[in-house]
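Colleague: My questions will all concern the structure given below.
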Amino acid sequence: MAIKYKVFLHSYLGFNSNSTLFYGEKDAVLVDASQLLSDSYRMAAEIISMQKNLKYIYVSHFHPDHHFGLYALKYIFPDAKIIGLHQSVHDIVDTSTDKVDMWSIDRFGPGDIPKSVTVPMILEKPYVELEGERIEFYGGYEGDSINNTIAWAPSLKVI
């Protein structure tokens, strides 16, 4: 079976961010969590219903709408490896305390922002294997911030 993908759209309060799940017959790779824990719980419920083994959760960059939801996902999927490229992980470490403090406001409701940040492991090589196919990661892009990265699934021709 060739790999496929599914895009999860998150809530307005979660900045309308999105996450992408690449999946095969048995396993899956998630690109980005959400900002709000409630969005991550909804996404996790959909992933569970797909009956896929979530092997990796990749974080593309340091903005909270890409990684705060890891707090919930690591509990729900304890065997998934949480990963990122070197610069993204360092940016998360360097900004995490300030970001948790800044975003812990009434706007999101009690308990929808994590009390601490989950820090990804640094990838040794810039790709992971998903059922014999690569999901590749490239850094050095500037988008809504510096140090953005992309995920590329060559077999699907999807970034």
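Per-residue answers, yes or no, for (1) free of Cβ contacts under 8 Å to residues at least 40 places away in the same chain; (2) out of contact with any strand residue (DSSP E or B) (no Cβ under 9 Å at 6 or more places or on another chain); (3) of a type in the set (V, I, T):
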{"residue": "G111", "(1), (2), (3)": "no, yes, no"}
{"residue": "P120", "(1), (2), (3)": "no, no, no"}
{"residue": "L123", "(1), (2), (3)": "no, no, no"}
{"residue": "E131", "(1), (2), (3)": "no, no, no"}
{"residue": "I135", "(1), (2), (3)": "no, no, yes"}
{"residue": "D144", "(1), (2), (3)": "no, yes, no"}
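Colleague: What are the residues in the range 116-137 that are in a strand (DSSP E or B) and over 15 Å from the mean Cα position of the chain (by Cα), if any?
Modeller: First pass over the range 116-137, keeping only residues in a strand (DSSP E or B): 121-122, 127-130, 133-137.
E129, L130, E133, R134, listed by residue number.
Colleague: Every residue in the range 81-91 that is farther than 17 Å from L37 by Cα and either surrounded by 15 or more Cβ atoms within 10 Å (Cβ to Cβ) or of a type in the set (K, R) (or both), please.
Modeller: Our first condition is that a residue be farther than 17 Å from L37 by Cα; within the range 81-91, this holds for 81, 83-91.
Residues satisfying the conditions are K81, I83, G84, L85, Q87, S88, V89, H90, D91.
Colleague: Same structure again: Evaluate the following for F15: is it within 23 Å of G111 (Cβ to Cβ), of a type outside the set (K, R), touching a residue at least 40 places away in the same chain (Cβ under 8 Å) and surrounded by fewer than 20 Cβ atoms within 10 Å (Cβ to Cβ)? Break it down stepwise before answering.
Modeller: Values: within 23 Å of G111 (Cβ to Cβ): yes; of a type outside the set (K, R): yes; touching a residue at least 40 places away in the same chain (Cβ under 8 Å): yes; surrounded by fewer than 20 Cβ atoms within 10 Å (Cβ to Cβ): yes.
Against the criterion (within 23 Å of G111 (Cβ to Cβ), of a type outside the set (K, R), touching a residue at least 40 places away in the same chain (Cβ under 8 Å) and surrounded by fewer than 20 Cβ atoms within 10 Å (Cβ to Cβ)), F15 qualifies.
Colleague: So, in the range 108-141, exactly how many residues are surrounded by 14 or more Cβ atoms within 10 Å (Cβ to Cβ) and under 18 Å from G14 (Cα atoms)? Can you show your working first?
Modeller: Initially, the range 108-141 is screened for residues surrounded by 14 or more Cβ atoms within 10 Å (Cβ to Cβ), giving 108, 112-114, 117-120, 123, 126-128, 130-131, 133-139.
Pick out the ones that are also under 18 Å from G14 (Cα atoms) and you get 108, 112-114, 117-118.
Final tally of qualifying residues: 6.
Colleague: Which condition number does I105 fail, the rest of (1) within 17 Å of the chain's Cα centre (by Cα); (2) loosely packed, with under 13 Cβ neighbours inside 10 Å being met?
Modeller: It fails just one condition, (1).
Colleague: Picking from D144, D98, D65, D94, which residue would you name as being charged (D, E, K, R) and crowded, with 19+ Cβ neighbours inside 10 Å? Outline the logic, then answer.
Modeller: Values: D144 fails: crowded, with 19+ Cβ neighbours inside 10 Å; D98 fails: crowded, with 19+ Cβ neighbours inside 10 Å; D94 fails: crowded, with 19+ Cβ neighbours inside 10 Å.
Checking each option against the conditions leaves just D65.
Colleague: Right, here's the next one. When you scan the range 87-105, do you find a residue that is modelled with pLDDT of 95 or more and in a loop (DSSP other than H, G, I, E, B), even just one?
Modeller: Checked against the condition, which is being modelled with pLDDT of 95 or more and in a loop (DSSP other than H, G, I, E, B), the range 87-105 yields no hits at all.
The values are calculated or read from the model by the stated rules, or taken from the named source; none is laboratory data. All figures in this text were calculated on a predicted structure; none of them were measured in a lab. Quick reminder, even Gly has a Cβ in these numbers, built from the backbone with ideal geometry, and neighbours come from all protein chains shown.
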